[in-house]
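Structure in structure tokens, see below.
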Amino acid sequence: MNLADLRIFVAVVETGSVTRASERVHCVQSNVTARVKGLEARLGVPLFTRCGKRLVITGKGSELLAYAKKLLALAADAERAVMSTAPAGLLRLGSIETAAAVRLPPLLSRFHAAFPDVKVSLVTGTTQEQVSALMEGQRDLIFVSGPIGDPGVREETLWREELVLVTAIDHPPVATCKDIKNRTILAFRAGCSYRRRLESWLDDDGVVPGQVMEYGSLDAIIGCVAADMGVAILPASVAQRRDDRVRQHPLPEKFRISHTSCAWLAGTDLDIAASSLIAMAKETL
């Protein structure tokens, strides 16, 4: 049904006459009459009976009135939501585990306080997994290790991370990667940038690790490192929070610095919510 017809119908009901309804909706009386008759013809039932000079709504007309008011209200809500300049709706985020553990909690707390009408979903995974999900349209923004280097993606470098090797608390000092020869690498799934750095460091010196054990969570990696099951590379900001459980060892300059970027699809006009979150993140630099 046409919303304009329903709006005229409601006006006739509430004013009780075609004349007053035409004044309310700002159109000529003949148009009001034609719209009402057209609605009756479409539905196949009379919506009004004439009582002297006044139109009285019928039983079927009353049924339609309840629905008409709901439909008009819903249309008004939709218009306000789309035209509103205040962020609202769903913001789909993806992040690597380390950023989700350290960087995002205070940022998302501020964002929620400023924009309570935005519903945020956050899925963690490796950089490779998050980039793939972004390209498939499953994420609006991702926080990953950069640079990504894909022309289909735009990114903003946000946080500089110093990476460290972490071992059990009583592990001897690690001066070179030969000191961890045959140790098990504890890492996230393939596609993790930190895992690639550790493997590259070992490969540069011709060191072969004992094996690689893959984990799906940061807490699992920290727990297994603390239990002396192997070694891992993590941001110092993460390791510092577990100083009582693991020991940090500096990495060579070549592998020490990483950056966390916020990325989105190139050619995409970010909505207000996404743009506002990026602006807030840049304020933390």
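Please verify whether Ala133 is over 21 Å from the mean Cα position of the chain (by Cα), of a type in the set (A, V, I, L, M) and open to solvent by less than 50 Å² (accessible area, probe 1.4 Å), treating the condition exactly as stated.
So Ala133 fails the test.
Right, Ser84: small (Gly, Ala, Ser), modelled with pLDDT under 90 and under 30 Å from Ala113 (Cα atoms) or not?
yes
Sticking with this one: What's the number of the only condition in (1) modelled with pLDDT of 85 or more; (2) on the phi < 0 side of the Ramachandran plot; (3) part of a loop (DSSP other than H, G, I, E, B); (4) open to solvent by 20 Å² or more (accessible area, probe 1.4 Å) that Ser237 fails to meet?
(3)
State which residue pairs qualify: first residue open to solvent by 50 Å² or more (accessible area, probe 1.4 Å) and inside segment 179-193, second residue in a helix (DSSP H, G or I) and at pLDDT 85 or above in any location, beta carbons under 8 Å apart, and separation of 6 or more residues or different chains.
The qualifying pairs are Arg189/Glu129; Ala190/Gln128.
Condition first: part of a helix (DSSP H, G or I) and open to solvent by 80 Å² or more (accessible area, probe 1.4 Å). Now tell me which residues in segment 1-12 satisfy that.
Residue satisfying the conditions is Arg7 alone.
Being in contact (Cβ under 8 Å) with a residue 24 or more places away in the chain and either out of contact with any strand residue (DSSP E or B) (no Cβ under 9 Å at 6 or more places or on another chain) or exposed (fewer than 15 other Cβ atoms within 10 Å of the Cβ) (or both) is the filter here; which residues of segment 215-227 pass it?
Selection gives Gly216, Ser217, Ala227.
Give segment 150-173 a look and list any residue that's more than 21 Å from the chain's Cα centre (by Cα) and open to solvent by less than 70 Å² (accessible area, probe 1.4 Å), or say none.
If the condition is that a residue be more than 21 Å from the chain's Cα centre (by Cα) and open to solvent by less than 70 Å² (accessible area, probe 1.4 Å), then Glu161, Leu163, Val164, Leu165, Val166, Thr167, Ala168, His171 are the ones that fit.
Follow-up. Taking segment 190-228, which residues are in a helix (DSSP H, G or I) and among the hydroxyl-bearing types (Ser, Thr, Tyr)?
Scanning segment 190-228 gives Ser193, Tyr194, Ser200.
Sticking with this structure for a sec: Do you know which residues across segment 13-72 are open to solvent by 80 Å² or more (accessible area, probe 1.4 Å), out of contact with any strand residue (DSSP E or B) (no Cβ under 8 Å at 6 or more places or on another chain) and either in contact (Cβ under 8 Å) with a residue 40 or more places away in the chain or not in a helix (DSSP H, G or I) (or both)?
Across segment 13-72, the qualifying residues are His26, Val28, Arg42, Pro46, Cys51, Lys53, Arg54, Lys69.
Which members of segment 240-264 meet the condition of being in a strand (DSSP E or B) and touching an Asp or Glu at 6+ places or on another chain (Cβ under 9 Å)?
Correct list: Arg247, His249, Pro250, Ile257, Ser258, His259, Thr260, Ser261, Cys262, Ala263, Trp264.
Could you check, for segment 99-110, whether at least one of its residues is open to solvent by 10 Å² or more (accessible area, probe 1.4 Å), modelled with pLDDT of 90 or more and assigned to a strand (DSSP E or B)?
Within segment 99-110, not a single residue is open to solvent by 10 Å² or more (accessible area, probe 1.4 Å), modelled with pLDDT of 90 or more and assigned to a strand (DSSP E or B).
The values are calculated or read from the model by the stated rules, or taken from the named source; none is laboratory data. This one's a predicted model, so the numbers in the text were calculated from it and none came from an experiment. Heads up, the Cβs are rebuilt from the backbone with ideal geometry, glycines too, and the neighbour counts pull from every protein chain shown. Quick note on the areas: whole protein, heavy atoms, side chains included, nothing else; ligands and nucleic acids left out. Shrake-Rupley method; radii C 1.70, N 1.55, O 1.52, S 1.80 Å.
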